[in-house]
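The values are calculated or read from the model by the stated rules, or taken from the named source; none is laboratory data. On a predicted model such as this, the values are computed, not experimentally measured, just so you know. Backbone-built Cβ (ideal geometry, glycine too); neighbour counts: all protein chains shown. Surface areas here come from the heavy atoms of the whole protein model, side chains and all, with no ligands, DNA or RNA. Shrake-Rupley method; radii C 1.70, N 1.55, O 1.52, S 1.80 Å.
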Amino acid sequence: MNAGQVKELNIVLKADVQGSIEPIRSSLERMGTENIKVRVIHSGSGNITESDVMLAAASRGIILGFNTGSEPGARRLAEIEGVAIRYYDVIYNLLDDVEKALKGMLEPSYVEVIDGRAEVRAIFSSGKKLKVAGVYVREGKITLGASIRTIRGGQTISQSTVISLRRFKDDVKEVTSGYECGIGIKDFDAFEVGDILETFRTEVRE
């Protein structure tokens, strides 16, 4: 049920009676999206057996039992093979868990969000031969500790972290657009007037 490269959720379905199987199976096979499908690779009535476990293991699938149990040998084999067996007595709970499993299989996308842009207008010394950039924040905000890149002539020349942020003589945690400040960047101080400093973060979007 974990996220990964598999784009099918393979299921072995066992129920107490044959009459319970078809409505569950049809509901399962209607689930999923165009990218992730539910596939019932085997269904049958009775207890979960060793052969059910072997089939699930071979297909990297899971076993769902509805109003049924599993044979002792099947439980031992499932532990050895790492096959998940889930037991249910309410159809809604079974379907709800499968829906959650499908969401877990969806690979998240990572989206970069630009938080702020500042223009370097002056360069100052800051002890130990280090330099800080005197900037004007043109967009968004610059935050202490944020990831930051230095852009010169449209090309990124460094990527690091904001380690100091000052307004006049005061250390601050954030400077918003329309204000000037001094920025120190970890392991980089080769600023030039006209450089663009861009802070950013990465968000996970399902």
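Note on region 66-101: among residues that are in contact with a helix residue (DSSP H, G or I) (Cβ under 8 Å, 6 or more places away or on another chain) and over 20 Å from Thr49 (Cα atoms), the one that is least open to solvent (accessible area, probe 1.4 Å) is Val98. Scanning region 55-75 for residues that are over 17 Å from Glu22 (Cβ atoms) and in contact with a Gly (Cβ under 6 Å, 6 or more places away or on another chain) turns up nothing. In region 140-165, how many are modelled with pLDDT of 95 or more, open to solvent by 70 Å² or more (accessible area, probe 1.4 Å) and not aliphatic (A, V, I, L, M)? Result for region 140-165: 1. For region 7-18, the candidate set comprises residues that are at pLDDT 90 or above and open to solvent by less than 60 Å² (accessible area, probe 1.4 Å); within that set, the residue that is farthest from Ile80 (Cα to Cα) is Ala15.
Tallying residues that are open to solvent by 40 Å² or more (accessible area, probe 1.4 Å), within 34 Å of the chain's Cα centre (by Cα) and modelled with pLDDT of 95 or more within region 174-194 yields 3. Criterion first (over 19 Å from Ile123 (Cβ atoms) and out of contact with any Lys or Arg (no Cβ under 6 Å at 6 or more places or on another chain)) does Lys186 satisfy it? Here the answer is no, as Lys186 does not meet what is asked.
Are any residues in region 31-46 of a type outside the set (A, V, I, L, M, F, W, C) and open to solvent by less than 80 Å² (accessible area, probe 1.4 Å), and if so, which ones?
Filtering region 31-46 for residues of a type outside the set (A, V, I, L, M, F, W, C) gives 32-35, 37, 39, 42-46.
Gly32, Thr33, His42, Ser43, Gly44, Ser45, Gly46 - these are the residues of region 31-46 that are of a type outside the set (A, V, I, L, M, F, W, C) and open to solvent by less than 80 Å² (accessible area, probe 1.4 Å).
When we screen Ile48, Ile41 for residues that are modelled with pLDDT of 90 or more and out of contact with any Lys or Arg (no Cβ under 9 Å at 6 or more places or on another chain), the only hit is Ile41. The one condition from (1) part of a strand (DSSP E or B); (2) surrounded by fewer than 17 Cβ atoms within 10 Å (Cβ to Cβ); (3) not charged (D, E, K, R) that Met54 does not meet is (1). Among the residues of region 195-206, just one is open to solvent by less than 40 Å² (accessible area, probe 1.4 Å), out of contact with any Gly (no Cβ under 8 Å at 6 or more places or on another chain) and either among the β-branched types (Val, Ile, Thr) or farther than 14 Å from Ile142 by Cβ (or both), namely Ile196. Going through (1) surrounded by fewer than 15 Cβ atoms within 10 Å (Cβ to Cβ); (2) over 30 Å from Lys169 (Cβ atoms); (3) without any contact (Cβ under 8 Å) to a residue 40 or more places away in the chain; (4) not acidic (Asp, Glu) one by one, Lys129 falls short only on (2).
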